[in-house]
Amino acid sequence: MTFGSTRAVIKAEKALQENFCIKVIPVPRTISSECGMAIVYNPEDKEKIMKKLEEAYLREVYFYDVED
């Protein structure tokens with residue numbers, strides 16, 4: 001998933017890291033060639049993650065399906 005700002009990535013990481021297996025990575029070039037950070041997560045957790053981000057008032061979140 002990507003976010004509207006670096007601040008949002010950091011806030012999301014803090015909100016999710018205790019309950020989900022996540023990893024902060026550079027945004028893949030298949031999504032964007034600009035600088036930025038993304039969070040990789042287990043797709044099975046998507047609905048729960050979306051709810052947790054909503055509870056943390058994170059609204060500019062973009063979800064992508066990316067294959068290796």
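Selection of first residues in the stretch 10-28 that are over 16 Å from residue 50 (Cα atoms) and of second residues that are of a type in the set (Gly, Ala, Ser), restricted to Cβ pairs under 6 Å at least 6 apart or on distinct chains, gives the following pairs, ordered by first then second residue: 25/38; 27/36; 27/38.
When 37, 1 are checked against the criterion of being without any contact (Cβ under 8 Å) to a residue 60 or more places away in the chain, of a type in the set (A, V, I, L, M) and buried (at least 17 other Cβ atoms within 10 Å of the Cβ), 37 stands alone in meeting it.
I'm checking my understanding of the structure. Among residues of the stretch 28-58 that are modelled with pLDDT under 85 and either charged (D, E, K, R) or touching a Cys at 6+ places or on another chain (Cβ under 6 Å) (or both), which one is farthest from residue 11 (Cα to Cα)? Filtering the stretch 28-58 for residues that are modelled with pLDDT under 85 and either charged (D, E, K, R) or touching a Cys at 6+ places or on another chain (Cβ under 6 Å) (or both), the one farthest from residue 11 (Cα to Cα) comes out as 29. Taking the stretch 7-32 as the range and being surrounded by 13 or more Cβ atoms within 10 Å (Cβ to Cβ) and in a helix (DSSP H, G or I) as the test, the residues that pass are 8, 9, 10, 11, 12, 13, 15, 16.
The values are calculated or read from the model by the stated rules, or taken from the named source; none is laboratory data. Just so you know, these numbers come straight off a predicted model, no measurement behind them. We place every Cβ from the backbone using ideal geometry, glycine too, and count neighbours over all the protein chains shown.
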